Amino acid sequence: MKTVKIILGIIIGLTVIFFATGLIFKETAYTTQVTVNKPLEEVFSMFNDSSKIKNWIPELKSIEPLDVKPEKTGSTYKMVVQNKNGEEITLKEKVLAYVPNEKITLFFNADNMLKTDDYTFSFENGVTTIQNNSSCKSNSYILSCLFPYFKGTFKKQDQGYLDNFKSFIEKS
């Protein structure tokens, strides 16, 4: 009986910790960065060319403009990505900020995952640096509890995309 009480106490303790995570961490934030040996204007242009995105985000199956604004800010797109299980996930992307050769802020809504990517571009000593400040949150309390535990996975994936972009553009 004592063993059952100990196991039950551990399970209850872990459950409380898991659900407290959602109360403590409202969003999961991280930063990724890459340097590219190309001029700023070329890097920014290529980064924002939707016909080229599949070259550095291999999971992307399609991107469809829904509402394109001339100044880019406020434009929306429908993106379809394929996860590792072969399932297709539809995301809605909105451009929150667009400053040519300086910054682009993108907001993604994939059902219960709300993600903001704030990319800044800078040029110094012949090298362009792209820095991405990302934040993820959810409308679902359970997912809010999970996201902090997957911060490393999110960061690794975004860093991989930036590294893929670097390889792609430097070969061009």
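One residue stands out among those in the stretch 99-115 that are in a loop (DSSP other than H, G, I, E, B) and closer than 12 Å to Leu143 by Cβ: the one that is modelled with the highest pLDDT, which is Asn112. When restricted to residues that are in contact with a Cys (Cβ under 7 Å, 6 or more places away or on another chain) and closer than 26 Å to Val81 by Cα, the stretch 3-59 contains 2.
Within the stretch 8-49, being within 16 Å of the chain's Cα centre (by Cα) and of a type outside the set (Val, Ile, Thr) holds for Glu27, Ala29, Tyr30, Gln33, Phe47, Asn48.
Yes or no: the stretch 121-143 includes at least one residue that is among the charged types (D, E, K, R), touching a strand residue (DSSP E or B) at 6+ places or on another chain (Cβ under 9 Å), part of a loop (DSSP other than H, G, I, E, B) and under 30 Å from Ile24 (Cα atoms). No; the residues of the stretch 121-143 include none that is among the charged types (D, E, K, R), touching a strand residue (DSSP E or B) at 6+ places or on another chain (Cβ under 9 Å), part of a loop (DSSP other than H, G, I, E, B) and under 30 Å from Ile24 (Cα atoms). Candidates Leu114, Leu91: the one that is without any contact (Cβ under 8 Å) to a residue 24 or more places away in the chain and buried (at least 16 other Cβ atoms within 10 Å of the Cβ) is Leu91. Candidates are the residues of the stretch 21-64 that are outside any helix (DSSP H, G or I) and of a type in the set (Lys, Arg); the one that is surrounded by the most Cβ atoms within 10 Å (Cβ to Cβ) is Lys38.
The values are calculated or read from the model by the stated rules, or taken from the named source; none is laboratory data. Quick caveat, the model's predicted, so the values are computed rather than measured. Neighbour counts are summed over all protein chains in view; Cβ atoms, including those assigned to glycine, are modelled from backbone coordinates with ideal geometry.
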